[in-house]
1. With the structure loaded, tell me whether residue 186 is within 30 Å of residue 32 (Cβ to Cβ), in contact with a strand residue (DSSP E or B) (Cβ under 7 Å, 6 or more places away or on another chain) and hydroxyl-bearing (Ser, Thr, Tyr) or whether it fails that test.
2. Among the residues of the range 387-405, what is the count of those that are open to solvent by less than 10 Å² (accessible area, probe 1.4 Å) and in contact with an Asp or Glu (Cβ under 7 Å, 6 or more places away or on another chain)?
3. Which members of the range 418-440 meet the condition of being among the β-branched types (Val, Ile, Thr), surrounded by fewer than 14 Cβ atoms within 10 Å (Cβ to Cβ) and modelled with pLDDT of 95 or more?
4. Please identify the pairs in which a residue from the range 409-429 that is part of a loop (DSSP other than H, G, I, E, B) has its Cβ atom under 7 Å from the Cβ atom of a residue that is open to solvent by 80 Å² or more (accessible area, probe 1.4 Å), counting only partners at least 6 apart or on another chain.
5. Does residue 379 satisfy the condition of being open to solvent by less than 60 Å² (accessible area, probe 1.4 Å) and free of Cβ contacts under 8 Å to residues at least 40 places away in the same chain?
6. Is it the case that the range 361-384 has a residue that's touching a strand residue (DSSP E or B) at 6+ places or on another chain (Cβ under 7 Å) and assigned to a helix (DSSP H, G or I)?
7. What tally of residues in the range 228-285 results from selecting those that are of a type in the set (D, E, K, R), in a loop (DSSP other than H, G, I, E, B) and touching a strand residue (DSSP E or B) at 6+ places or on another chain (Cβ under 8 Å)?
8. Looking only at the range 134-160, how many residues end up being aromatic (Phe, Trp, Tyr), assigned to a loop (DSSP other than H, G, I, E, B) and touching a strand residue (DSSP E or B) at 6+ places or on another chain (Cβ under 6 Å)?
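The values are calculated or read from the model by the stated rules, or taken from the named source; none is laboratory data. A quick note: this is a predicted structure, and the numbers were derived from the prediction, not measured. Every residue, glycine as well, gets a Cβ built from its backbone with ideal geometry; the counts of neighbours run over all protein chains shown. With ligands, DNA and RNA removed, areas are computed over all heavy atoms of the protein, side chains included. Shrake-Rupley method; radii C 1.70, N 1.55, O 1.52, S 1.80 Å.
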Amino acid sequence: MKIKNIFYIISFVLLSSCNYLDVEPTGKVIPEKVTEFRAMMTSAYSKFPNYKHLLSLRADETFPFTGEYSAYDRFVDFAIWNDNSPSMTETYPWVTLYNTIFYTNSVIDDVMSSEVDTYDDTKEQIKAEALLLRAYAHFELLNLYAVPYNASTAASDKGIPISTRIDIEQDFVRATVEDVYTQILSDIEEGRGLLQVDEQPVSVKYRFSKESGLALEARVRLYRAEWDKALALAEELIPTCQLEDLNDAAATSPYDVSSKEAILALERVVSHDLATETYILPALKNQYNLEEDLRVSRYFTSNGDDLVPNKCNGDNMKVTFRSGEIYLIAAEAAAHVNGKLDLAKTRLKELVKNRLTPAYYSRKASEIDGMGQEELINEIANERARELALEGHRWYDLRRTTRPEIVKTYTNQEGKTETKTLGKDDPRYTISFPLEATTNNPNLRD
């Protein structure tokens, strides 16, 4: 790369003034060749933060052990929704997600005018990936820091700042939830139209493909309760979505990068600390038939009377989109579409057949066949909790559906029993902007 005074290299530091996203470029450079833009996209992917373990704590999935475990002090405030605690040493992502977005903006702006210096990659594919990664980063920010999507109020509900260009002098004001989704869907549409690669090989499964572009849009449409569109997208994917049969002892775990279920493997969703120093809460543990649900031994290990996470804790266990989720999107969407209840049951049974012992599946299939719409929708929600446990979905699912009361009873470091409650429709179902962000960007206070 040649150093020029035209373009910003995407390297950022915290800052207390200048631009309102709380980041500042530290140099200027412009890539000139396709391979250099690919290197920039690789950096964009690598900068995407790992934070879904914090959402597992915030939901009803995990809680830190007390005693000699050091994770208690670091994690307890996340688990009890104490977002203003000065003792929190980790935070939900803000700057890191916008850093990723800045990388993608750089690629989107200039890759199409770059010099072709390889036959193994294309400008179109690189731009497509940048658009889809930008869409995904905005989608995550929106679901962390804005109220859940409501079609009747989204045009006025406050969302998050949209970033689509490199201009550190712009005022980053909060767009409405609807406007953010409009940008997300625009990026997805353009990105999917440019994609060249049907499915990425295992070695670069973190990169977007035609398959994962479809999966991203299917998830977005589901969160917007656009049931017909979500169903159509999921059904388009189903023929290529293979499932691991856990009745086969040699089957690969569904969340492994090398699994035939892997669609996009970008995020490490369980941290080492979460895997070694937290336990599974009864709300999740009691969802399973511990003897006949084959996921239990794949997802968890025993620690005395407790189950502890044993999922996605390793570089070979990254997961963002996978086949199991697509079957659940199809099932949930179909359950809401008039005349599609049987299809919803079929997709749900196809998934659980590969997760349960044959005897248990036979009983469960009979139960599913006898369900009405409301009962089936509840069962699909419970199946999402079981199948997608610890992958970052549960908190978002609680937000976008019923926002129920959550009660957590635990023993603190002094050996005393405490109970904390997140009320139904509690305002804390939406995470507050980080203090650093509101300090540096007064626009976020509106």
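1. Numbers: within 30 Å of residue 32 (Cβ to Cβ): yes; in contact with a strand residue (DSSP E or B) (Cβ under 7 Å, 6 or more places away or on another chain): no; hydroxyl-bearing (Ser, Thr, Tyr): yes.
The answer is no for residue 186.
2. Final tally of qualifying residues: 3.
3. Just the residues of the range 418-440 that are among the β-branched types (Val, Ile, Thr), to begin with: 419, 421, 430-431, 438-439.
In the following step, the residues that additionally are surrounded by fewer than 14 Cβ atoms within 10 Å (Cβ to Cβ) were identified as 419, 421, 439.
Those that are among the β-branched types (Val, Ile, Thr), surrounded by fewer than 14 Cβ atoms within 10 Å (Cβ to Cβ) and modelled with pLDDT of 95 or more: 419, 421.
4. 423/405; 424/405
5. On the way: open to solvent by less than 60 Å² (accessible area, probe 1.4 Å): yes; free of Cβ contacts under 8 Å to residues at least 40 places away in the same chain: yes.
Against the criterion (open to solvent by less than 60 Å² (accessible area, probe 1.4 Å) and free of Cβ contacts under 8 Å to residues at least 40 places away in the same chain), residue 379 qualifies.
6. Going through the range 361-384, the residues touching a strand residue (DSSP E or B) at 6+ places or on another chain (Cβ under 7 Å) turn out to be 364.
Filter again for assigned to a helix (DSSP H, G or I), leaving 364.
Yes, that holds for at least one residue.
7. Narrowing the range 228-285 to residues of a type in the set (D, E, K, R): 228-229, 235-236, 244-245, 248, 256, 260-261, 267-268, 273, 277, 285.
Checking which are in a loop (DSSP other than H, G, I, E, B) leaves us with 244-245, 248, 256, 260-261, 267-268.
Those still in the list that are touching a strand residue (DSSP E or B) at 6+ places or on another chain (Cβ under 8 Å) too: 256, 261.
Here the count works out to 2.
8. Residues of the range 134-160 aromatic (Phe, Trp, Tyr): 136, 139, 145, 149.
Pick out the ones that are also assigned to a loop (DSSP other than H, G, I, E, B) and you get 149.
Next, from what is left, pick out any that are touching a strand residue (DSSP E or B) at 6+ places or on another chain (Cβ under 6 Å): none.
Here the count works out to 0.
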